[in-house]
Amino acid sequence: MLADLRYALRQVLKSPGFTAVVALSLAFGIGANAVVLCWLRSLVLRPMSGVTDQARLVALVSNQGGGCASLPDLRDFAAVREVFVGTEASMSTTASLVVDRQPEWVRAEVVTANYFELLGVAPLLGRTFLPDEDRKPGGDFVVVIGEQLWRRRFSSDPDIVGREIELNRRQFTVVGVVPQAFLGSSPPAASEIWAPASMIWEVRNQSTGFLDRRTARGWHNLARLRPGVTLEQAQAAVTLTDARLAAAYPKESTDIHHRVAPLSKVPWGGQSVFGPVLWLLLAVSLGVQLIVAANVANLLLARAVNRTKEIAVRLAAGADRARLLRLFLVESALLTLVGTALGVLLASWLVNALPLLVPAALRQGPAITFGLDGVTLGLTVLVALATGLGFGLVPAWRATSLDLASTLKDGGRAATGGVGHHRLRNSLVVVEVALAVLLVVGAGLCVRGLRQARRVDVGFTPDRVLIAGMQIGMNGYDRDTGLVFYRRLRERLASSAEVEEAALASWFPLGLAGCKGWDVNPEGYQRSPGDEQTFEYAIVSPRYFATMRIPLLAGRDFTDADDANAPGAAIVNEELARRFWPGQDPLGRRFRTGGVWRTIVGVAQTGKYNRVDERPRPFFYLPYQQGVPDLDLGICVRTKGDPAAYAPALRRVLRELDPAVEVQQAVPLALHSGLALLPQRLAVILLVLLGAVALGLAAMGVYAVMAYTVSQRTREFGVRMALGAQAVNVVRQVLRQGLGLTAAGVAIGLCLAAGITRLLAAFLFGVSPFDPFVFLGVPLVLAAVAGLACWLPARRATQVDPMIALRAD
């Protein structure tokens with residue numbers, strides 16, 4: 001074996017150009033697979049770094065409240081001890097941390113006391129939360145911080161446990177530090193501070209009613225299954241518990257159902273955003289790997305054929321065929337190892353490129369880093385070895401299946417010109433082209449889908465609008481003083497010469513953050529069993545609709561007269577009006593939500609709220625002065641110029657009103673709403689890159705076959721030209737052969753694409769999976785690339801001196 005290895009090494013070093021082409025081809029395929037596998041494991045399959053035994057973690061997803069559950073319901077599910085070890089709940093937020101008089105916005109979570117214990121996260125220093133630290137509202141000013149924050153802001157202070165820190169202008173005591181591997185329960189967003197659920201008002205400015213109201217379904221959650229319990233058994237237990245709760249609490253729990261979702265399908269984490277994209281990319285990267293295998297097999301086949309005389313001499317001298325097969329396989333394995341090493345190196349550079357695809361203005365908190373873990377590397381090596389055996393065995397078998405007499409007599413020409421040999425090489429090229437067509441068609445359809453999605457009427461005009469977050473509750477404001485501050489802020493912004501309109505809102509459409517929902521109970525409406533009763537809403541100030549350019553189809557906007565002393569008011573979108581009052585005038589109708597009767601004073605156009613491709617959905621708006629639960633509102637400003645350029649002026653206005661109030665993040669609305677297309681944008685960027693690689697590899701395959709064909713037919717072309725053939729005839733003959741193979745591959749690829757592109761439906765908004773522009777354009781691109789790949793060897797053939805060609809033998 002050592003002798004074989006030394007011989008293979010000499011052969012590899014003897015042909016550096018060939019070795020480089022093979023190694024780089026393998027590196028592209030292996031690197032792409034390693035990167036996608038790493039992303040898939042880190043963001044979808046095992047997204048919670050630092051958490052033990054993630055396979056037994058599930059989420060309890062409600063059919064109301066955007067899938068979130070309430071704390072009372074979660075405690076009832078946790079009581080089903082034969083199925084669950086326990087349940088935990090969390091809510092994320094941004095909070096203001098002040099260290100040495102230096103403020104910083106950090107991502108925080110309020111969590112149940114068993115949060116760390118259930119997830120299996122042990123503290124690096126100190127402790128986590130005690131069992132009773134999440135029960136008494138506002139009773140436990142304690143926090144756990146992350147190791148990265150501890151090192152960055154507290155200089156790894158060994159006495160951090162017991163130290164008081166300022167969070168949201170309140171003093172909290174640090175009781176523990178958790179390892180930096182743990183990033184929280186909503187990856188890929190990284191949390192750095194955790195507080196008990198009992199501190200929900202102090203940390204998140206959220207009503208303490210979320211601690212005990214069964215209808216307050218706003219908690220993300222995870223449950224841990226007991227060993228041996230299946231998802232089906234857990235779902236059966238949850239269904240029984242839902243029925244028991246509906247009987248015990250008919251007002252709060254009727255028609256409320258929960259489903260058990262594995263961790264990879266949690267609807268509120270990065271899994272829902274990145275999962276579809278990464279599964280698609282995995283399939284595409286495997287397609288690229290197949291193209292690489294076919295390409296390298298073709299190159300090795302050509303190399304083996306050029307060595308037929310050597311092989312024939314070895315066989316004639318008594319060499320064993322198995323020995324020669326091993327010799328070829330060792331050489332293939334060596335090339336595979338070189339390609340794998342380069343692929344892993346390439347993957348280590350590219351694996352952290354995914355966060356860079358998110359606009360810099362929207363990145364918050366510590367950056368998520370990806371590492372090539374042992375499982376990813378193991379799978380990558382297995383794929384590489386399988387590819388190596390695949391592309392090495394067939395050429396080796398063909399090369400050792402020789403007719404010794406004819407090979408030795410004719411100097412190898414009989415072997416090199418066999419019909420079977422040419423058929424195999426041509427078949428590999430056809431396979432490469434077909435796979436490239438399939439991948440490029442998929443990329444083209446996604447590009448078209450993204451362009452179409454950007455033209456969709458989303459129901460508002462994001463151009464020239466700047467939005468910014470605030471959290472004035474952490475600055476000591478209550479509802480009364482907060483309303484005064486908001487009124488002064490609106491007046492100051494509206495009087496600015498750079499501002500056309502200004503308003504406040506609790507939520508802005510088409511971001512990554514979900515919208516809150518409330519029960520809607522129309523007066524006199526008889527609800528059918530199973531009817532949805534929770535709908536999303538936003539709390540807005542007067543002039544919000546003018547600022548966002550949301551058309552009011554009937555009625556009026558909110559005014560400053562819609563305050564706490566006025567009757568409850570609401571504006572509904574046309575879909576909600578159609579849902580409950582079809583064919584009737586909804587103005588003046590009443591519905592009860594949040595325990596308050598509201599009179600409809602206006603009807604707004606239905607827009608897009610969470611996704612560009614969503615169907616029309618009911619939505620309603622409430623005036624910010626009428627006792628609604630959100631104290632913290634955001635700013636939206638329609639400017640006369642570039643909205644990003646107004647951000648410093650906005651900060652200046654806030655400092656003049658109250659130096660303690662800071663802008664959390666100021667970004668153009670167009671950038672914020674563009675996040676709704678983040679999955680499609682990621683898919684397009686990465687599919688185009690992989691499609692370009694596939695196209696390049698297919699062109700390389702066509703070129704290699706035609707170059708080899710021309711080299712084998714040098715004598716034939718010399719004779720033809722000596723007899724008077726024109727160069728154009730030689731070029732035409734070579735092009736005819738190469739483009740014939742390309743046409744066969746294109747035809748097969750289009751048939752495959754017609755059957756598979758239906759799977760891209762989630763990324764093809766407003767575009768048919770059989771879009772004629774793509775299905776006609778891709779073959780033309782392939783034909784042009786293949787034509788160039790054929791023309792180069794053909795041109796070289798016409799430059800051969802006929803006398804030299806005839807003298808070659």
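Take the conditions out of contact with any Phe, Trp or Tyr (no Cβ under 8 Å at 6 or more places or on another chain) and without any contact (Cβ under 8 Å) to a residue 24 or more places away in the chain and apply them to Pro187. Does it pass?
no
Looking across segment 637-673, the residues that are of a type outside the set (A, V, I, L, M, F, W, C), over 18 Å from Arg488 (Cα atoms) and within 34 Å of the chain's Cα centre (by Cα) come down to Thr639, Gly641, Asp642, Pro643, Tyr646, Pro648, Gln664, Gln665, Pro668, His672, Ser673. Total residues in segment 251-293 satisfying the condition of being under 30 Å from Ala333 (Cα atoms), of a type in the set (A, V, I, L, M) and open to solvent by 10 Å² or more (accessible area, probe 1.4 Å): the figure is 7. Of a type in the set (Ser, Thr, Tyr) and more than 15 Å from Val144 (Cβ to Cβ), is that true of Thr173? For Thr173, the condition - of a type in the set (Ser, Thr, Tyr) and more than 15 Å from Val144 (Cβ to Cβ) - is not met. Counting only helices (runs of 4 or more DSSP H) that sit completely within segment 710-809, those holding 3 or more residues that are among the aliphatic types (A, V, I, L, M), surrounded by 14 or more Cβ atoms within 10 Å (Cβ to Cβ) and modelled with pLDDT under 85 correspond to 727-756, 772-798. Restricted to segment 326-348, and to residues there that are under 13 Å from Val381 (Cβ atoms) and among the hydroxyl-bearing types (Ser, Thr, Tyr), the residue that is surrounded by the most Cβ atoms within 10 Å (Cβ to Cβ) is Thr336.
So, restricting to strands (runs of 3 or more DSSP E) that lie completely within segment 463-577, which ones have at least 1 residues that are free of Cβ contacts under 8 Å to residues at least 60 places away in the same chain and open to solvent by less than 20 Å² (accessible area, probe 1.4 Å)?
Correct list: 569-573.
Listed by position, the strands (runs of 3 or more DSSP E) contained in segment 595-681 that have at least 1 residues being touching a Gly at 6+ places or on another chain (Cβ under 7 Å) and of a type in the set (A, V, I, L, M) are 596-604. Condition (residue is open to solvent by 30 Å² or more (accessible area, probe 1.4 Å), modelled with pLDDT of 85 or more and out of contact with any strand residue (DSSP E or B) (no Cβ under 7 Å at 6 or more places or on another chain)) applied to segment 417-433: is it met by at least one residue? For segment 417-433, residues open to solvent by 30 Å² or more (accessible area, probe 1.4 Å), modelled with pLDDT of 85 or more and out of contact with any strand residue (DSSP E or B) (no Cβ under 7 Å at 6 or more places or on another chain): present.
For segment 449-462, state whether one or more residues are modelled with pLDDT of 80 or more, among the charged types (D, E, K, R) and within 19 Å of Thr547 (Cβ to Cβ). Checking segment 449-462: at least one residue is modelled with pLDDT of 80 or more, among the charged types (D, E, K, R) and within 19 Å of Thr547 (Cβ to Cβ). The combined condition, being modelled with pLDDT under 80 and open to solvent by less than 50 Å² (accessible area, probe 1.4 Å), is not fulfilled by Gly691. Scanning segment 183-209 for residues that are out of contact with any Pro (no Cβ under 9 Å at 6 or more places or on another chain), more than 19 Å from Ala113 (Cβ to Cβ) and polar (S, T, N, Q) gives a single hit, Asn205. Taking the conditions (1) in contact with a Lys or Arg (Cβ under 7 Å, 6 or more places away or on another chain); (2) buried (at least 16 other Cβ atoms within 10 Å of the Cβ) in turn, Glu614 satisfies each one other than (2).
Given the structure, is Leu183 out of contact with any Lys or Arg (no Cβ under 9 Å at 6 or more places or on another chain) and either of a type in the set (Asp, Glu) or open to solvent by less than 20 Å² (accessible area, probe 1.4 Å) (or both)? Considered against the rule, which asks whether it is out of contact with any Lys or Arg (no Cβ under 9 Å at 6 or more places or on another chain) and either of a type in the set (Asp, Glu) or open to solvent by less than 20 Å² (accessible area, probe 1.4 Å) (or both), Leu183 comes out as no.
The values are calculated or read from the model by the stated rules, or taken from the named source; none is laboratory data. Just so we're clear, the structure is a prediction, and the values are computed from it rather than from any experiment. Every residue, glycine as well, gets a Cβ built from its backbone with ideal geometry; the counts of neighbours run over all protein chains shown. Surface accessibility is based on the protein's heavy atoms, side chains included, excluding ligands, DNA and RNA. Shrake-Rupley method; radii C 1.70, N 1.55, O 1.52, S 1.80 Å.
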